[in-house]
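Novice: Below are the structure tokens for one structure; questions will follow.
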Amino acid sequence: MDSTSPKPTAGSPARNAVNVPVDKVITTTFSEPIKLGAGLIKLVSSSGALISITKSINGKVLTITPTTALKKATKYTLILAAGSVTDYAGNPIAAYSRPFTTDSTPPKAIAGKPARNTVNVPLDAVITTTFNEPIYAANMWVTLKTASGTSVTINPFINGNILCIFHLQLKPSTKYIIELHTGCIKDAAGNLLKYYYRYFTTAAT
């Protein structure tokens, strides 16, 4: 007769994970197929707030889905009360908890075209900045100026993790600065970009 309780063998996010996406679906894998029991299953923030969730089981995997996005830079704890999950013989799990912390890292520029301090840039070049994660519009304070301070009319556009800047044709043999001001874009967690800039110089013709 089976008298062995199921035990957690893996979790996503892992225990004490950081920079977890705010839309993360939380899973816990057990040592054998499971079903819901009588105890409570909760997701609680560090302030004690109870998060609304849905629960589902597929074989050995318990899935917890928050009904709304979690808050950024916040510690959460998944709590499975003793008996909240059992195996098919009715053996209950022991009490279990697993903390994790949501994303607090701003998006980071990882590539730019034209690259920093590039020379002989075509006058009709489309200017792009690639980030390490998907980005979203915030205040969109993006500027393109000559080194002497003359502003250029631009149309910034976001495509996934790339910020594109369309503009009227640039002047030849001119040094420009592209500036992405603090808070112009954000990531999915709402973390705002910190100020970023780079120079480039156009071709003679």
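The values are calculated or read from the model by the stated rules, or taken from the named source; none is laboratory data. All of these numbers come straight from a predicted model, not from anything done at the bench. Neighbour counts are summed over all protein chains in view; Cβ atoms, including those assigned to glycine, are modelled from backbone coordinates with ideal geometry.
Novice: Tell me, which residue of the stretch 73-97 that is part of a loop (DSSP other than H, G, I, E, B) and among the hydroxyl-bearing types (Ser, Thr, Tyr) is farthest from THR128 (Cα to Cα)? Spell out how you get there, then give the answer.
Specialist: Of the stretch 73-97, the ones part of a loop (DSSP other than H, G, I, E, B) are 73-74, 81-84, 88-91, 93-95.
From the residues that got through so far, the ones that are among the hydroxyl-bearing types (Ser, Thr, Tyr) too are 74, 84, 88.
Values: THR74: 32, SER84: 51, TYR88: 55 Å.
Among residues in the stretch 73-97 that are part of a loop (DSSP other than H, G, I, E, B) and among the hydroxyl-bearing types (Ser, Thr, Tyr), the one farthest from THR128 (Cα to Cα) is TYR88.
Novice: Does ALA95 qualify as being modelled with pLDDT of 95 or more, closer than 29 Å to ILE158 by Cβ and loosely packed, with under 15 Cβ neighbours inside 10 Å? First the steps, then the outcome.
Specialist: Details: modelled with pLDDT of 95 or more: yes; closer than 29 Å to ILE158 by Cβ: no; loosely packed, with under 15 Cβ neighbours inside 10 Å: yes.
No; evaluated as a whole, the condition is false for this residue.
Novice: Of all residues being part of a strand (DSSP E or B) and more than 25 Å from the chain's Cα centre (by Cα) in the stretch 114-142, which is surrounded by the most Cβ atoms within 10 Å (Cβ to Cβ)? Just the residue, please. Break it down stepwise before answering.
Specialist: Initially, the stretch 114-142 is screened for residues part of a strand (DSSP E or B), giving 118-121, 127-131, 136-137, 142.
Of the ones still in play, those that are also more than 25 Å from the chain's Cα centre (by Cα) are 118-121.
On the way: THR118: 15, VAL119: 12, ASN120: 12, VAL121: 18.
For the stretch 114-142, the residue satisfying everything is VAL121.
Novice: Okay, moving on. THR129 - would you say it is in the same structural domain as TYR196 (by TED's automatic domain parsing), of a type in the set (Ser, Thr, Tyr), farther than 30 Å from GLY39 by Cβ and in contact with a Cys (Cβ under 9 Å, 6 or more places away or on another chain)?
Specialist: Numbers: in the same structural domain as TYR196 (by TED's automatic domain parsing): yes; of a type in the set (Ser, Thr, Tyr): yes; farther than 30 Å from GLY39 by Cβ: yes; in contact with a Cys (Cβ under 9 Å, 6 or more places away or on another chain): yes.
Against the criterion (in the same structural domain as TYR196 (by TED's automatic domain parsing), of a type in the set (Ser, Thr, Tyr), farther than 30 Å from GLY39 by Cβ and in contact with a Cys (Cβ under 9 Å, 6 or more places away or on another chain)), THR129 qualifies.
Novice: Shifting gears a bit: Please identify the pairs in which a residue from the stretch 184-205 that is farther than 29 Å from VAL22 by Cβ has its Cβ atom under 6 Å from the Cβ atom of a residue that is of a type in the set (S, T, N, Q) and surrounded by fewer than 16 Cβ atoms within 10 Å (Cβ to Cβ), counting only partners at least 6 apart or on another chain.
Specialist: TYR199/ASN117; PHE200/THR118; ALA203/ASN120; ALA204/SER173
Novice: Just checking, which of PHE157, PHE100 is closer than 30 Å to VAL61 by Cβ and not in a loop (DSSP other than H, G, I, E, B)? So that I can check it myself, show each step before the final result.
Specialist: Numbers: PHE157 fails: closer than 30 Å to VAL61 by Cβ.
Being closer than 30 Å to VAL61 by Cβ and not in a loop (DSSP other than H, G, I, E, B) holds for just one of PHE157, PHE100, which is PHE100.
Novice: For the stretch 39-72, name all the residues that are under 20 Å from PRO92 (Cβ atoms), part of a loop (DSSP other than H, G, I, E, B) and of a type in the set (Lys, Arg).
Specialist: Of everything in the stretch 39-72, just one residue is under 20 Å from PRO92 (Cβ atoms), part of a loop (DSSP other than H, G, I, E, B) and of a type in the set (Lys, Arg), namely LYS60.
Novice: Scanning the stretch 58-75 for residues that are surrounded by fewer than 15 Cβ atoms within 10 Å (Cβ to Cβ) and over 22 Å from the mean Cα position of the chain (by Cα), which turns out nearest to ASP187 (Cα to Cα)?
Specialist: Only one residue tops the list, namely ASN58.
Novice: Let me ask you something else. Does the stretch 165-178 hold any residues that are of a type outside the set (A, V, I, L, M, F, W, C), surrounded by fewer than 15 Cβ atoms within 10 Å (Cβ to Cβ) and either within 22 Å of ILE110 (Cβ to Cβ) or touching a residue at least 60 places away in the same chain (Cβ under 8 Å) (or both), and which are they?
Specialist: none
Novice: Restricting attention to the stretch 143-153, report how many residues are without any contact (Cβ under 8 Å) to a residue 24 or more places away in the chain and either under 30 Å from ALA189 (Cα atoms) or not in a strand (DSSP E or B) (or both). Give the derivation first.
Specialist: At the first step, the residues of the stretch 143-153 found to be without any contact (Cβ under 8 Å) to a residue 24 or more places away in the chain are 148-151, 153.
The next check asks that each one be either under 30 Å from ALA189 (Cα atoms) or not in a strand (DSSP E or B) (or both); those that pass are 148-150, 153.
Final tally of qualifying residues: 4.
Novice: Assess whether LEU78 counts as being touching a Leu at 6+ places or on another chain (Cβ under 6 Å) and either surrounded by 14 or more Cβ atoms within 10 Å (Cβ to Cβ) or closer than 24 Å to PRO21 by Cα (or both).
Specialist: Details: touching a Leu at 6+ places or on another chain (Cβ under 6 Å): yes; either surrounded by 14 or more Cβ atoms within 10 Å (Cβ to Cβ) or closer than 24 Å to PRO21 by Cα (or both): yes.
Criteria met by LEU78.
Novice: I'd like the full set of residues that are part of a loop (DSSP other than H, G, I, E, B), among the β-branched types (Val, Ile, Thr) and over 13 Å from ILE64 (Cβ atoms), limited to the stretch 1-38. Full working, then the answer.
Specialist: Narrowing the stretch 1-38 to residues part of a loop (DSSP other than H, G, I, E, B): 1-7, 13-16, 21-25, 31-33, 37-38.
Of the ones still in play, those that are also among the β-branched types (Val, Ile, Thr) are 4, 22, 25.
Across the stretch 1-38, the qualifying residues are THR4, VAL22.
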